[in-house]
Protein chains: 4
Amino acid sequence: MRTVNVGLIGAGRIGKLHAEHLAFRIPQANLVTVTDIYVEAAQKCAADFNIPNASHDHRVVMDDPNIDAVVICSSTNTHAQMIEEAAAAGKHIFCEKPIDFDLARIDKALQSVDDAGVKLMVGFNRRFDPNFKRVRDLVAEGAVGTPHILKITSRDPGPPPIEYVKVSGGIFLDMTIHDFDMARYLVGSEVEEVYVAGGVMVDPAIGAAGDIDTAVITLRFANDVIGVIDNSRKAVYGYDQRAEVFGSAGVVSADNNYPNTVTIGDAQRIHRDLPLNFFMERYTESYIAEMREFIACVLEDRVPPVTGVDARIPVVIGTAARQSYEQHRPVKLSEVA
Amino acid sequence: MRTVNVGLIGAGRIGKLHAEHLAFRIPQANLVTVTDIYVEAAQKCAADFNIPNASHDHRVVMDDPNIDAVVICSSTNTHAQMIEEAAAAGKHIFCEKPIDFDLARIDKALQSVDDAGVKLMVGFNRRFDPNFKRVRDLVAEGAVGTPHILKITSRDPGPPPIEYVKVSGGIFLDMTIHDFDMARYLVGSEVEEVYVAGGVMVDPAIGAAGDIDTAVITLRFANDVIGVIDNSRKAVYGYDQRAEVFGSAGVVSADNNYPNTVTIGDAQRIHRDLPLNFFMERYTESYIAEMREFIACVLEDRVPPVTGVDARIPVVIGTAARQSYEQHRPVKLSEVA
Amino acid sequence: MRTVNVGLIGAGRIGKLHAEHLAFRIPQANLVTVTDIYVEAAQKCAADFNIPNASHDHRVVMDDPNIDAVVICSSTNTHAQMIEEAAAAGKHIFCEKPIDFDLARIDKALQSVDDAGVKLMVGFNRRFDPNFKRVRDLVAEGAVGTPHILKITSRDPGPPPIEYVKVSGGIFLDMTIHDFDMARYLVGSEVEEVYVAGGVMVDPAIGAAGDIDTAVITLRFANDVIGVIDNSRKAVYGYDQRAEVFGSAGVVSADNNYPNTVTIGDAQRIHRDLPLNFFMERYTESYIAEMREFIACVLEDRVPPVTGVDARIPVVIGTAARQSYEQHRPVKLSEVA
Amino acid sequence: MRTVNVGLIGAGRIGKLHAEHLAFRIPQANLVTVTDIYVEAAQKCAADFNIPNASHDHRVVMDDPNIDAVVICSSTNTHAQMIEEAAAAGKHIFCEKPIDFDLARIDKALQSVDDAGVKLMVGFNRRFDPNFKRVRDLVAEGAVGTPHILKITSRDPGPPPIEYVKVSGGIFLDMTIHDFDMARYLVGSEVEEVYVAGGVMVDPAIGAAGDIDTAVITLRFANDVIGVIDNSRKAVYGYDQRAEVFGSAGVVSADNNYPNTVTIGDAQRIHRDLPLNFFMERYTESYIAEMREFIACVLEDRVPPVTGVDARIPVVIGTAARQSYEQHRPVKLSEVA
């Protein structure tokens, strides 16, 4: 195989992002089909990115013997089923996170992947961000010695629509799930216990929908590291994505990304522009690097760096976090998993 | 009164620091006597800072009708008694923190102050640090809107001698106590609950002495703010003292202080010198400003900005923190106080 | 016209860069032919970027009536001729800088463009860098009031091969030419006089080749602004590209770009990685934005933002700079142009 | 000698600053007398800083056999005479810069110092600033290898009163003189040639007084380093004092000093407070360190680190700079000295 023939399922915001990268930025990928239940979305995507085929029916992808790999960007509630269908069709799979909110459902999907012997990679794109990757590599190289404390700040520029909040699985499974993955990735050890202090501070409507919008989450890892994540649904100054690992030999910290390096001094203050506003801008490079890695794993027959287990564990942590918040006590992951 | 006649009790490290400031930096103060149970220490201090009288006996200060105010820098276990004696002698009091580890003992000392009608100020010097003060003022001015999240990083460059660890009252009453005070100061509300995740990561001898050396502490405030403090007894890169307050309208953050602003670029990296190493260097300005404020409060008959209650509450929080760590659950301050 | 059919002449390093952008990043461009005097280079480029036609003969581009625009990336000594041929063929032109080192030769080429009524844009890509563009926009908006002082630091990570130095036209026409363009761009006024202090500090072989490798260049602008450029052929810490404009109402400064935002604190220092190493990494975004703008100007029938005059003036400044260095005196551009 | 008995001549702004340091910050100094032609100023200074004697007549200092050293802070036009009188009286001398604007007058004063065999130190306080001192030490240690380029930015927050401008000796002898000294100090070599591009951009009244307010000054050093100083009389964002030395092995840069490290992010921008506003705030530490060094040199019989020659040379450079500006050409110092 010189190139990977790819079918894309789902042509929403994230689907279009992957389409662009597959079409124009990754020569080893050949994007042959896009499907979306809204056929106009599929057709528009096909036109924009020179994709030969568009359809409303994802089976067009599954049934095409020339397609080697599927990129699943449909709505979350279809992920597990799509994985199972793709596995049954013998196709390698890239799936946006999460696979599902129900652990048994995830396990069933992962089993189908194992049975089929195909590759599965899950879209925790932030692992491919140059900042976080540099922190991870430095920690792995021993730049901080034995890690003691992990800190992640993760604040969105604004809350999602309230309709989304109602079905998203809650802040821990929708937003913090990325931070749970990042925590495991940076520390290189598994979370064993979680404690949440949270509240509704941004918008009472979020509380009315049964969710919270602000949280400070304490993690205990198997290697004794203590982690803390602070989340907010609304940072008026923009998308705030930082991390720090402190250990016996030092500290490494990743700051935000800015659109430029310009500082301005006037008669009132020294200032600069706000950080890049949201994930499409902040994590552009990481999306490309992630998809490059998936295509390379297929071509070179390597295990993808973000596996089905990596998809499952953050859902476990998120579920435990929800329990901790509701029961006002530290919760062990072994109570949940 | 044009100047305040001051007696200093205790000529150890912090006593000498206050002596220098009272002698040379605060024209409104007149340091007339220094005492220390080691009379040579008192005499050396007197010689260094032009103090007319030195003695081994603190009663020389208490009994001198010309002395208006007492600065108590003796060992912690004598603070409460010294406060009571000074109050009985009708003298205004500056006392290093903490007054005591026992709440009843603190209350008795504070009662004596109330009965005597003298002023009492406690040495939480970090409130007078230009960085933290600027954060507090900005928060109070509404620069962050309604505060949501407080973060304090407080890491020492190295642990104290193990002999000190055994009698210090533990990390929460010896080290974190400053951060508990800072938390209240920055947020402007009272802590209601505390949860600790901690461990022994720096030195097993600290664990053997019954203490921990690393902690992540979650605070819940009466105004719903969630705070998190992370502590370590040993940051190899130096004294790490940062704070951040995040709220509905923005974020303010204080970084460390460095000995200079110089950056160096060589063939390997861009680098700068380590931050100022420990509290004597880092907080020099704050010690001067603190003592200036005490002298000014006496002269102008104002209530000091750090009162007896401000001394008591961090001991309550520290006691609750210890319980939280031992019992592995969130602890309400009302269980302790 | 919905898309612009483009022919690329020259498939060296910069040609391949433009090829990639035209092929994959700019949907409005349709790259149909690439030529290079080394036909293998053209064929490799065609294969890499899905370009239908490759040839050793640039006339294939000139003679193709379906080609709307030519991108000239051949060697500098052919630029003027290529411009003239393209103009004669009625094609819009993007040409890498410089057009030529001889002002009369430049003028002849520009005349041919004027006569043909085609568009010409010259590759001063740094104008499209997000940092420098932000500085320019802020200056133009009045953020610094009336500009007084301009400072540009421009240092390469290492000198070019000595064979290149011998034919490059010298540091002022090869390297500083970008800074001369940047100076005009940031200040928004014309240079009237130049004074150079320079020397051979990096490599004596550069001196033996008749050039210098280090220079501090003072510029006087028509609007009275004083500018200073400092150049070195070798900054061991990497590519150093900064600018500052100071004026009556403030200052704006652009710093270098770094591969990540990570800082590391260890027992010796606080450090970070070196800046992005050279122009291909540092200015990637600017190359894309530049070419997008050229294609858009063709499609929308707009005057390109970097014209033939913009190509000519930096050569005038560079020529005057050389005279200033040789004659050890300030030289007016009117003496040269 | 255990302490140095000091007489202070001149109780203006800078005289009071030195008085405070001598009185309160330097135990080895004993400030016994202050004089000022306005006796009220001397008396006020004496009262503020516990100085036993105050007088309108500087001869009280010169004639006091108990006084070991004189600190000269009178008006510039009296410096040379004061030095001569102090030398004749056998007293060690600290004198504010400049000694005089006339080189012959300086030489005569320096001769009197040599004849008397007393010590003379001149008040180039910035050498004792922690930032600039760190740059110098790094350069001297070889951190940048062989130095190639020096850059100094020196901008005042606002121009002095126009009456002062008329008698100050002009921008080069009043303001840039500090930068000329800094240039020699950082590079560790002598300036041989100077070229000035300057203008009146801040206030036409400065031009009407025969001076300029904005300048970019190119320096050639004996060791081939090229230096550039940029000056403005008015930076609206405050006192801008930076330096950079670039060389074969790297670069070192000193940034401004700020009153705190706090950053603020709001819905518009990320910002911080302006830098420390003017020399009294910015250089406080350097004034103390400078005077400590002078006292130590007297006590330890060492040659002061800023000698009479160090006082003379910046006047030579300033004079050459003025000629360069007036004659619009580079001027060698050998033409002036």
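The values are calculated or read from the model by the stated rules, or taken from the named source; none is laboratory data. What you are looking at is a predicted structure, and each value in this text was computed from that prediction instead of being measured. Here the Cβ is made from the backbone with ideal geometry for all residues, glycine too, and neighbour counts use every protein chain on show. Just the protein is used for accessible areas: all its heavy atoms, side chains included, with ligands, DNA and RNA removed. Shrake-Rupley method; radii C 1.70, N 1.55, O 1.52, S 1.80 Å.
What separates the residue C:207 label point from its copies, with the point 7 Å along Cα to Cβ, is 4.2, 6.4, 7.6 nm, written shortest first. Pairs of Cα atoms nearer than 8 Å and 6+ residues apart set the relative contact order; for chain C it is 19 percent.
Taking the axis that rotates chain C onto chain A, the chain C residue nearest to it by Cβ, with the distance rounded to whole Å, is C:24, 2. So what's the net charge close to residue B:98: Lys and Arg +1, Asp and Glu -1, counting the other residues with Cβ under 12 Å from its Cβ? Local net charge: -3. For the residues of D:135-142, the average number of beta carbons from a partner chain within 10 Å of their own beta carbon is 1. A crude spin-label estimate for the pair residue D:208 and residue B:47, with each label 7 Å from Cα along the Cβ direction, gives 6.4 nm.
Between helix A:39-48 and chain A there is an angle of about 90 degrees, using the helix long axis and the longest principal axis of the Cα atoms.
With 20 Å as the limit, the listed pairs C:234/D:332; B:44/B:97; A:119/A:332; A:234/B:151; B:133/D:234; A:16/C:133 have C:234/D:332; B:44/B:97; A:119/A:332; B:133/D:234; A:16/C:133 beyond it between alpha carbons. Remark: mean inter-chain Cβ contacts per residue of D:271-282 equal 3, using a 10 Å Cβ-Cβ cutoff to other protein chain atoms. Computed from point charges on the beta carbon alone (+1 for Lys and Arg, -1 for Asp and Glu), the dipole magnitude for the range A:139-257 about its Cα centre is near 160 Debye.
With the cut-off at 1.5 for a/c, could you classify the protein assembly as shown from its C-alpha gyration tensor as rounded, prolate or oblate? Display every interim value, and only then the final one.
Working: a/c = 2.66, a/b = 1.17, b/c = 2.28.
Verdict is oblate for the protein assembly as shown.
Placing a label point 7 Å from the Cα of residue A:2 along the Cα-to-Cβ direction, the distances to the matching points in the other copies come to 2.9, 9.3, 9.7 nm, shortest first.
Counting only other residues whose beta carbon sits under 12 Å from that of residue D:16, what net charge do I get with K and R as +1, D and E as -1? Please list the in-between numbers first.
Values: positive: D:13, D:44; negative: D:20, D:36, D:48.
Within the 12 Å Cβ shell, the charges total -1.
Give me the dipole magnitude in Debye, nearest 20, for the protein assembly as shown about the Cα centre, with unit charges on the beta carbon: positive for Lys and Arg, negative for Asp and Glu. Kindly include the intermediate steps, with their values, before the conclusion.
Working: 132 positive and 184 negative charges, 0 e Å.
Approximately 0 debye in magnitude.
Label point of residue D:111 (7 Å along Cα→beta-carbon): distances to the other copies' equivalent points are 6.9, 8.4, 10.6 nm, sorted ascending.
Nonpolar atom fraction for the range C:4-118, defined as the carbon and sulfur part of the 1.4 Å probe accessible area, stands at 48 percent. Is the shape of the range B:4-118 best called rounded, prolate or oblate, per the rule: a/c under 1.5 gives rounded, else a/b larger than b/c gives prolate, else oblate, with a ≥ b ≥ c the square roots of the Cα gyration tensor eigenvalues? Prolate shape, in that a/c is at least 1.5 and a/b is the bigger ratio.
Ranking B:39, B:88, B:17 by Cα position along the charge dipole of the range B:4-118, where only Lys, Arg, Asp and Glu carry charges on their C-beta atoms, puts B:17 farthest toward the positive end. Between residue B:38 and residue A:302, the simple label model (points 7 Å from Cα in the Cβ direction) yields a spacing of 6.2 nm. At 1.4 Å probe size, what's the solvent-accessible area of residue C:280? Round to the nearest 10 Å². For residue C:280, the solvent-accessible surface is approximately 50 Å².
Taking every C-alpha pair closer than 8 Å and separated by at least 6 residues, the mean separation divided by the residue count of the range B:4-118 gives a relative contact order of 25 percent.
Carbon and sulfur atoms: what percent of the 1.4 Å accessible area of the range C:230-337 do they account for? Intermediate results must be reported in sequence, preceding the final value.
On the way: 1900 of 3760 Å².
Carbon with sulfur: 50 percent of the solvent-accessible area.
Report which residues of the range B:7-52 become buried by 40 Å² or more of accessible surface when going from the isolated chain to the complete set of protein chains (1.4 Å probe; DNA, RNA and ligands ignored). For the range B:7-52, once contacts with the other chains are taken into account, B:24, B:25 lose 40 Å² or more.
In Å² (nearest 100), what accessible area is buried between A and B, both sides summed, heavy protein atoms only, 1.4 Å probe?
The buried area between A and B, both sides summed, comes to about 2900 Å².
Heavy-atom accessible area, probed at 1.4 angstrom with all protein chains present, ranks A:224, A:57, C:310 as A:224, A:57, C:310, highest first.
Using the Cβ-Cβ distance between residue C:327 and residue D:108 with R0 set to 60 Å, the FRET efficiency works out to roughly 0.90. Summary value for the range C:87-192: 28 percent relative contact order, contacts being C-alpha pairs under 8 angstrom separated by 6+ residues. Rounded to the nearest 10 degrees, the inclination of helix D:103-116 to the longest alpha-carbon principal axis of chain D is 40 degrees. The Cβ shell under 9 Å around residue A:270 holds other residues with a net charge of +1, Lys and Arg each +1, Asp and Glu each -1.
What average number of partner chain Cβ atoms lie no more than 10 Å from the Cβ of the residues making up D:251-259? Before the final figure, lay out each step's value.
Details: counts 12, 6, 7, 4, 5, 3, 2, 4, 3.
The shielding value for this peptide is 5.
Based on alpha carbons, the Rg and Dmax found for the range D:233-285 are 14.2, 43 Å. Here the dipole of the range A:4-118 is about 340 debye; that uses its Cα centre as origin and unit charges on the Cβ of Lys and Arg (positive) and Asp and Glu (negative). Taking the centroid of alpha carbons for each part, the range A:59-99 and the range A:19-36 are 15 Å apart.
Per residue, how many Å² of accessible area does the range D:4-118 show with a 1.4 Å probe? Don't skip to the end; give the middle numbers.
Details: 4660 Å² over 115 residues.
Result: 41 Å² per residue.
The range B:115-147 and the range D:1-17 have Cα centres spaced 37 Å apart.
Quick check: from the Cα gyration tensor, does the range A:109-238 come out rounded (a/c under 1.5), prolate or oblate?
Details: a/c = 1.87, a/b = 1.28, b/c = 1.46.
Cα axes put the range A:109-238 in the oblate bin.
Annotation for the range B:214-255 versus the range C:227-289: alpha-carbon center distance of 31 Å. Between 0 and 90 degrees, the angle of helix B:79-88 with respect to the longest Cα principal axis of chain B falls at about 40 degrees.
Label sites at residue C:115 and residue D:278, each approximated as a point 7 angstrom past Cα along Cα to Cβ, lie 6.5 nm apart.
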